[in-house]
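A quick write-up on the structure given underneath.
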Amino acid sequence: MRVIPVTIFLIEVLLSVDSSMGSRRGYEQNSYRDQQFKECIGSRSELEKLLQKSCTLYIGNLSFYTTDLQIYELFSKCGDVKRVIVGLDRFKKTPCGFCFVEYYAREDAENAMRYVNGTKLDDRIIRTDWDAGFIEGRQYGRGRTGGQVRDEYRTDYDVGRGGYGKIVQQKMGSTETLTEI
């Protein structure tokens, strides 16, 4: 496991301090909204209601090599994790850098938003955001090439995210992931 022990220790310390002071409620979600939400569930106000009581988090900027066990180990420091759903490339069925973490209790998800967002896992700074709840099919990337849309247009070389972005790789004449020499 490559979870940084210092990060886990700090999360445990902050959780113990916060529980003695009383929990703050209602971490705000960012401005991103799932574009397929309307097709699946409904209006923006319905989404807001679901987000207010959701126990599910979207986790982004994961390495393609981070395992569900590493994710579980880190996020279980904040409470009882119901399940981890790793995002997959739609065509290759390989991890593509995101996941969903479901908790049994909202308070545990709030702790994860408070303490895990912005920490490092596999040498990457991860981000967390509220999710309305996992729906089958959302575990697959939505980009044209099967992964996440943001990875298709990336122009920097990022070994943890498969090398260059897919479009850059295609322009370079390679459909395979480029690796460092």
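The values are calculated or read from the model by the stated rules, or taken from the named source; none is laboratory data. Quick caveat: nothing in here was measured; it's all calculated off a predicted structure. Please note: Cβ atoms are built from the backbone with ideal geometry, for glycine as well, and neighbour counts cover all protein chains shown.
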ask   = Across the range 103-131, what is the number of residues that are over 12 Å from Asn61 (Cα atoms) and surrounded by 19 or more Cβ atoms within 10 Å (Cβ to Cβ)?
value = 10
request  = Only strands (runs of 3 or more DSSP E) wholly contained in the range 80-131 count here; list those with 2 or more residues that are under 13 Å from Gln70 (Cβ atoms) and touching a Gly at 6+ places or on another chain (Cβ under 9 Å).
outcome  = 95-103
note = Of (1) in contact with a helix residue (DSSP H, G or I) (Cβ under 9 Å, 6 or more places away or on another chain); (2) crowded, with 17+ Cβ neighbours inside 10 Å; (3) modelled with pLDDT of 55 or more, Glu152 fails just (3)
note = Restricting the range 40-81 to residues that are within 13 Å of Glu107 (Cα to Cα) and out of contact with any strand residue (DSSP E or B) (no Cβ under 9 Å at 6 or more places or on another chain), the one surrounded by the fewest Cβ atoms within 10 Å (Cβ to Cβ) turns out to be Lys53
